[in-house]
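Novice: Sharing a structure, written as structure tokens. Questions coming.
Any read-out appearing in this document is the output of simple, stated calculations on the displayed coordinates, not a laboratory observation. Everything numeric here is computed off the predicted structure, so don't read it as measured data. With ideal geometry, Cβ positions are generated from the backbone for all residues, glycine too; neighbour counts draw on all protein chains shown.
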Amino acid sequence: MAKEEKVILEGSVVDILPDGQYMVEIEGGHQILGYTSGKMRRFNIRIVVGDRVTIETSPYDLNRGRITYRDAGDPRPSGPRGVKSNRPRGGRRRRR
């Protein structure tokens, strides 16, 4: 018997639940319980309320699925690391 294909849906995160689970609202107003995939957990990809995500679900159970991608449509600001100055950093002082 051949393996069933996954159903791929897109939606937005509406609630964060414990243990890496999220409530995702897809087009049409339906809500799906989504959990982060292994690689997203491994590389510590953060998901917050309002993020657009891609979910894979089984054709047999459309009420829960695996979040495989977080759309980074609006890149988050880099914070203080993004500020550059012309001041030399570290090292020994030069004598004249």
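Novice: Write down, largest first, the equivalent ellipsoid semi-axes of region 1-71 in whole Å, where each equals the square root of 5 times an eigenvalue of the alpha-carbon gyration tensor. Mind showing how you got there, number by number?
Specialist: Working: eigenvalues 73, 45, 20 Å².
In descending order the semi-axes read 19, 15, 10 Å.
Novice: Can you give the extra length, in nm with one decimal, that the chain gains between residue 25 and residue 41 once fully stretched, where that is 0.36 nm per residue apart less the Cα-Cα distance?
Specialist: Roughly 3.7 nm would be gained on extension.
Novice: Chymotrypsin sites (Phe, Trp or Tyr not before Pro) within region 33-75: which are DSSP loop residues with at most 16 other Cβ atoms inside 10 Å?
Specialist: Working: sites: 35, 43, 60, 69; in loops: 43, 60.
For chymotrypsin sites (Phe, Trp or Tyr not before Pro) across region 33-75 that sit outside H, G, I, E and B with at most 16 neighbouring Cβ atoms in 10 Å, the list reads 43, 60.
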